[in-house]
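Everything on this sheet refers to the single structure shown next.
The values are calculated or read from the model by the stated rules, or taken from the named source; none is laboratory data. Quick caveat, the model's predicted, so the values are computed rather than measured. Here the Cβ positions follow ideal geometry from the backbone for every residue, glycine too, while neighbour counts run over all protein chains shown. Accessible surface areas use protein heavy atoms only, side chains included; no ligands, DNA or RNA. Shrake-Rupley method; radii C 1.70, N 1.55, O 1.52, S 1.80 Å.
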Amino acid sequence: MVKRVAIVGAGVSGLASIRSCLEEGLEPTCFERSADVGGLWMFSDHAEEGRASIYQSVFTNSSKEMMCFPDFPFPDDFPNFLHNSKLQEYITTFAREKNLLKYIRFETFVTRISKRDDFSITGQWDVTTEKDGKKESSVFDAVMICSGHHVYPNLPKESFPGLQRFKGKCIHSRDYKEPSVWRGKRVLVIGLGNSGCDIATELSHTAQQVIISSRSGSWVMSRVWDNGFPWDMVTITRFQTFLKNNLPTAISDWWYLRQMNARYKHENYGLMPLNGALRKEPVFNDELPARILCGTVSVKPNVKEFTETSAVFEDGTVFEAIDGVIFATGYSNAYPFLGDSILQSRNNEITLFKGIFPPQLEKATMAVIGLVQSLGAAIPTTDLQARWAAQVIKGTCTLPSVKDMMDDINEKMGKKLKWFGKGETIQTDYITYMDELATFIGAKPSVPWLFLTDPRLALEVFFGPCSPYQFRLVGPGKWPGARHAILTQWDRTLKPTATRAVRGPWKPCLFAKPLGILALPVLLVALFLVLS
């Protein structure tokens, strides 16, 4: 039986992996190059080599009920969307209460992971680490890579002619920390993702002028959705996923565009994606439309070229006297401690079965946790990934053949090309993906069975938010408090907002949106009959 498991990184993926290994009777050792847990969410006032880096004002894009560990709800008085310091507090509390800290070797970074000579028989790995200048090598039966994908910045300077002549300041968003150093400056932000929009809107309060350059546009969503509820509590439901996956494409695309444009017309703000029907990862920013209306932020197309002091855009307009450029151009997936051939099986792409397992390995003793990106929250996703991976490593679950895994990867790439416009993207549909993983370990809730045995819970599970607790209702790792957590999730959502008593807090009607959606075709049929 596999015993010793090396875990790289002590962020949320690493903590989920430690806990999952312990649940399966494995022996985890986690290596973390910093002095604390939290990974991406542990703020530092300067970017550190080999670690993810965030700016001081970062808040979560997922609400607390949708992003918690599935058996560890946030305190009910925590705000729905959390400042990074508040989330770091939660992560630290989780690590302590689950007694995970003793399995972590802090200020120790992994320099190399390689197959042992007898890997095809044992599946074992040589793991070399370094601490205080001293190197150490150990043998492990399995490896779980939890180092994240916000570490190595993508800085495509070669895509911008003339940039080498530009005399202003150039940084990646990874190095941005706070706005004071940009006071009174003229700033160009390249990239219309979450970081680019956050930085641009924050700078717009102190900088003289901010322009965002976007190649393809983005949908910009608000954290505040229908009736003032958190966006993900309203939109990430099994009912809506069922409709999206079963309605004709034309109707599904129409409904998607209608949702995205519900607050304002994106084309009027220069934000509209080039292909609006693609499910490109949306941006969450409540302030950007207002800053555009106030004239402190403008949106421009891609930069055609730079001069010494200005940027010329593809529409021919020019942004003069620029003081600095911030590249919010994302990150590259890189694992410098691994040989390329381990994760890349073709075309220099990272190819993983279900976004976790390298399909070509002779033994399934390596898992990548936390690389997948979906519209849902990272913490419950990594928790479910780690639970399945631990069972595969232990031998409780087995993977399909190499051919079947590659066929599945190819099929998924085709679907991703249709939905996201890129086959190799790490994006995926949240509920569909979570149900796939849950099925492997017997943790997927049966909605029909719930309607027969527990109708009240079934209504919440199907029509309400697909909160993490659903994946601890049944199967290995079942949590006795899951049912109660689901039935009380709206109470914890309203607790930090309904702080001035007016009337009793108003909770959403689970049937309101379904009835509204079903009423539309009925109305169209009735109109057709009247006119005919």
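Of these, 74, 43, which one is part of a loop (DSSP other than H, G, I, E, B) and in contact with a Leu (Cβ under 9 Å, 6 or more places away or on another chain)?
When all the criteria are applied, what remains is 74.
For the range 63-77, the criterion of being touching a residue at least 40 places away in the same chain (Cβ under 8 Å), among the polar types (S, T, N, Q) and open to solvent by 10 Å² or more (accessible area, probe 1.4 Å) is met by no residue. Going by what's in this entry, would residue 49 be described as in contact with a helix residue (DSSP H, G or I) (Cβ under 6 Å, 6 or more places away or on another chain) and of a type in the set (Asp, Glu)? So residue 49 does not fit the description; no.
Mind checking whether some residue in the range 86-108 is aliphatic (A, V, I, L, M) and assigned to a strand (DSSP E or B)? Within the range 86-108, one or more residues are aliphatic (A, V, I, L, M) and assigned to a strand (DSSP E or B). Against the condition of a type outside the set (S, T, N, Q), out of contact with any Gly (no Cβ under 8 Å at 6 or more places or on another chain) and in contact (Cβ under 8 Å) with a residue 60 or more places away in the chain, how does residue 436 come out, does it pass? Taking the combined requirement at face value, the residue satisfies it.
Quick grid of which residues meet (1) open to solvent by 20 Å² or more (accessible area, probe 1.4 Å); (2) modelled with pLDDT of 95 or more:
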site: 24; (1), (2): yes, yes
site: 33; (1), (2): yes, no
site: 36; (1), (2): yes, no
site: 40; (1), (2): yes, no
site: 45; (1), (2): yes, no
site: 48; (1), (2): yes, no
site: 60; (1), (2): no, yes
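Filter the range 450-476 down to residues that are outside any helix (DSSP H, G or I), out of contact with any Ser or Thr (no Cβ under 9 Å at 6 or more places or on another chain) and either open to solvent by 30 Å² or more (accessible area, probe 1.4 Å) or more than 15 Å from residue 383 (Cα to Cα) (or both), then give me how many there are. So the count comes out to 2.
For the residues 364, 334, 378, the requirement of being buried (at least 19 other Cβ atoms within 10 Å of the Cβ) and farther than 23 Å from residue 118 by Cα singles out 378. Which condition number does residue 406 fail, the rest of (1) in a helix (DSSP H, G or I); (2) within 30 Å of residue 22 (Cβ to Cβ) being met? Going through (1) in a helix (DSSP H, G or I); (2) within 30 Å of residue 22 (Cβ to Cβ) one by one, residue 406 breaks only (2).
Residue 138: open to solvent by 10 Å² or more (accessible area, probe 1.4 Å), in contact with a helix residue (DSSP H, G or I) (Cβ under 9 Å, 6 or more places away or on another chain), in the same structural domain as residue 52 (by the TED database) and over 30 Å from residue 298 (Cα atoms), yes or no? So residue 138 fails the test. Does residue 120 fit the bill of being surrounded by fewer than 16 Cβ atoms within 10 Å (Cβ to Cβ), modelled with pLDDT under 95 and either part of a helix (DSSP H, G or I) or of a type outside the set (A, V, I, L, M) (or both)? Against the criterion (surrounded by fewer than 16 Cβ atoms within 10 Å (Cβ to Cβ), modelled with pLDDT under 95 and either part of a helix (DSSP H, G or I) or of a type outside the set (A, V, I, L, M) (or both)), residue 120 qualifies. Any residue that is over 29 Å from the mean Cα position of the chain (by Cα) and aliphatic (A, V, I, L, M) - is there at least one of those in the range 99-115? The answer is no; no qualifying residue exists.
Screening residue 113 with (1) open to solvent by less than 10 Å² (accessible area, probe 1.4 Å); (2) assigned to a loop (DSSP other than H, G, I, E, B); (3) not polar (S, T, N, Q) gives one miss only, at (2).
Out of 225, 231, 254, 219, one residue alone is without any contact (Cβ under 8 Å) to a residue 40 or more places away in the chain and either under 17 Å from residue 463 (Cβ atoms) or touching a His at 6+ places or on another chain (Cβ under 9 Å) (or both). It is 225. When the range 282-308 is filtered for residues that are under 23 Å from the mean Cα position of the chain (by Cα) and either within 28 Å of residue 161 (Cα to Cα) or without any contact (Cβ under 8 Å) to a residue 12 or more places away in the chain (or both), only 283 remains.
When residue 329 is tested against (1) open to solvent by less than 20 Å² (accessible area, probe 1.4 Å); (2) modelled with pLDDT of 90 or more, just one condition goes unmet, and that condition is (1).
For residue 262, are the conditions met, namely being free of Cβ contacts under 8 Å to residues at least 60 places away in the same chain and open to solvent by less than 40 Å² (accessible area, probe 1.4 Å)? Criteria not met by residue 262. Scanning the range 478-503 for residues that are open to solvent by 30 Å² or more (accessible area, probe 1.4 Å) and outside any helix (DSSP H, G or I) gives 478, 479, 480, 495, 496, 497, 498, 499, 500, 501, 502, 503.
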